[in-house]
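Computed from the coordinates by the stated procedures, all read-outs in this text should not be read as laboratory data. None of these values were measured; they are calculated from a predicted model. Here the Cβ positions follow ideal geometry from the backbone for every residue, glycine too, while neighbour counts run over all protein chains shown.
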Amino acid sequence: MVLQPRQDDAHYQRDATFCAAPGLADSGAVSYRAMQFPRAYLRHAFGVLRLSDNDGSGQFARDATF
């Protein structure tokens, strides 16, 4: 994941905000949905944390559940 320096403008703040949601693969866990991009979740894949659109696959759900 690449982090950008913090900025005080509203657009940056919306892009940098994630909403905790019930885990996609396990409702007892958590998934993090991007506020600005409602189909996008934080996902770990190949040792990298990234923001990706939910493709509906079981693999995506497992990768995006923490």
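Some values worked out for this structure:
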{"item": "Total residues in the range 51-65, condition surrounded by 14 or more Cβ atoms within 10 Å (Cβ to Cβ) and over 12 Å from the mean Cα position of the chain (by Cα)", "result": "1"}
{"item": "Matching residues in the range 24-45 - criterion: being under 11 Å from the mean Cα position of the chain (by Cα) and not aliphatic (A, V, I, L, M)", "result": "Ser31, Tyr32, Arg33, Gln36, Phe37, Pro38, Arg39, Tyr41, Arg43, His44"}
{"item": "Positions within the range 33-50 being under 13 Å from Asp15 (Cα atoms) and surrounded by 16 or more Cβ atoms within 10 Å (Cβ to Cβ), in sequence order", "result": "Arg33, Ala34, Ala40, Tyr41, Leu42"}
